[in-house]
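Student: If you scroll down you'll find the structure; I have some questions about it.
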Amino acid sequence: MESMPLHNFLKLLLFISILRQCPNKLSAASEPVFPKEALPTKFGYLPVNSTTSSAIFYTFYEAQTPKTSVSQTPVLIWLQGGPGCSSMQLLGPWLVSSPKYNVNHVELKANPGSWNRLFGLLFLDNPIGVGFSIASTAKEIPRDQHTVGKHLFAAITSFIALDPSFNSRPIYVTRESYGGKYVPSIGYYISEMNAKLPLSKRVNFAVNAFFLGLINEKQKTLLEKLQAQAVGLTKAGSWSEAADARDELLQLLQNMTGLATLYDFRKLVSYDEEGLVSKFLNNVDVKKALGVNVSMIYEECSDAVGEALYEDVMKSVKYMVEYLVKKSCTRFDLRDGVVSTEAWVKKMKWEGIGKFLEADRKVWRVDGKLAGYVQKWGSLSHVVVAGAGHLVPTDQPLNSQAMIEDWVLGRGLFAKNKF
């Protein structure tokens, strides 16, 4: 056997040296990016149109420790705002983290504030074109809330058809930010459709629209002028111009304050500034695990969907909220900017609005500590979550978990006879 040439031997030594210097990278590659225990109970696509390939991507996590039989365990549906942002974030059983601040490496860790502790949790990438959802053409992306409601109804009924037990489970639609328009849209659509369907095919529906948002506008002459312009354009039905005026006002406020984000003036950096969620969901192994086409590029927020719904931004859905609050089977929970919410709630055409406005605001505590405030009467609840910005599950995960569980189960300050 011939001896190895010197230059080949030196190459071999170099290769061995490289291996010894990079053991972590090699071992990391052998570890599953998406461990089995983190996989959703169900996931895939829900069609919204029988004649096209357009579909909403969903992930469903069953309740971890339900208090009732599965057939009676509530299901929470989570919708993100934007418009055009993916719903797969914030309050699920797993959080994306970057160990030792290495943004090039992301991993999953358990979320103690997950909303699927007692309930099933369904994430819908809505509207089509958002996240991993598919829009067969740009023209099919919704441009108004009626189309949003129609697509969500198709997706939800398709999801219910996956398992007979879903037929009897109460469904609560929850949201954040611009999702405050999606919830009354689907609620309005479901209420209308249920009236036309036999009992066996109706959606067992309850509604929940919530979350503390941002109101930090300084009372300066210029801001007030821009605000008046936006209001005037809205009243005139000049939807694109009204949205432009709103954007200009918010951008000016951002420049004036120098804040990292208007969603929470306390933060020194924006939420998920490194884009860890997008990095994780764009991993090829993660896409394969979720049954997503690996060529798809996951974007936290879609510019195409945002553009399609741009004229819808300044259109009111107050009449839908009024309709839902009047339904005796519906409870409506609002938190998206305390001052702005209270301003439009006062103008609601609902026979109980006077008593709601006169109801005492109660101090809300979790484990003996101040969590916020609750004002409630009849089917309407308004909750202020203390110490939170726009993304409440991120800022106050355990308190948001306590809030949704008590609200759904009618416990504590959310009990019917409490106010």
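Student: May I ask you to verify whether GLY131 is at pLDDT below 90, on the phi > 0 side of the Ramachandran plot and either over 15 Å from the mean Cα position of the chain (by Cα) or part of a loop (DSSP other than H, G, I, E, B) (or both)?
Tutor: So GLY131 fits the description; yes.
Student: Residue by residue through region 49-87, note down the ones that are free of Cβ contacts under 8 Å to residues at least 12 places away in the same chain and farther than 19 Å from LEU124 by Cβ.
Tutor: Once the filter is applied, which keeps residues that are free of Cβ contacts under 8 Å to residues at least 12 places away in the same chain and farther than 19 Å from LEU124 by Cβ, region 49-87 yields THR51, THR68, SER69.
Student: Which of the residues belonging to region 379-393 are surrounded by fewer than 21 Cβ atoms within 10 Å (Cβ to Cβ) and out of contact with any Ser or Thr (no Cβ under 9 Å at 6 or more places or on another chain)?
Tutor: VAL384, ALA386, GLY387
Student: Further question: Counting just the residues of region 146-189 that are in a helix (DSSP H, G or I) and of a type in the set (Lys, Arg), which one comes out nearest to ILE134 (Cα to Cα)?
Tutor: Among residues in region 146-189 that are in a helix (DSSP H, G or I) and of a type in the set (Lys, Arg), the one nearest to ILE134 (Cα to Cα) is LYS150.
Student: For region 365-402, give me the residue count where each residue is touching a residue at least 40 places away in the same chain (Cβ under 8 Å) and of a type in the set (A, V, I, L, M).
Tutor: Total meeting the criteria: 9.
Student: Going through region 119-167 one residue at a time, which ones are surrounded by fewer than 18 Cβ atoms within 10 Å (Cβ to Cβ) and among the β-branched types (Val, Ile, Thr)?
Tutor: Correct list: THR137, THR157.
Student: What number of residues within region 277-296 satisfy the criterion of being under 24 Å from LEU91 (Cβ atoms) and assigned to a loop (DSSP other than H, G, I, E, B)?
Tutor: Of the residues in that region, 6 qualify.
Student: What is the number of the single condition among (1) surrounded by fewer than 21 Cβ atoms within 10 Å (Cβ to Cβ); (2) over 24 Å from GLN64 (Cβ atoms) that GLU405 does not meet?
Tutor: Only one criterion in (1) surrounded by fewer than 21 Cβ atoms within 10 Å (Cβ to Cβ); (2) over 24 Å from GLN64 (Cβ atoms) is unmet by GLU405, namely (2).
The values are calculated or read from the model by the stated rules, or taken from the named source; none is laboratory data. Just so it is clear, the structure is predicted and the values come from calculations on it, not from any experiment. We place every Cβ from the backbone using ideal geometry, glycine too, and count neighbours over all the protein chains shown.
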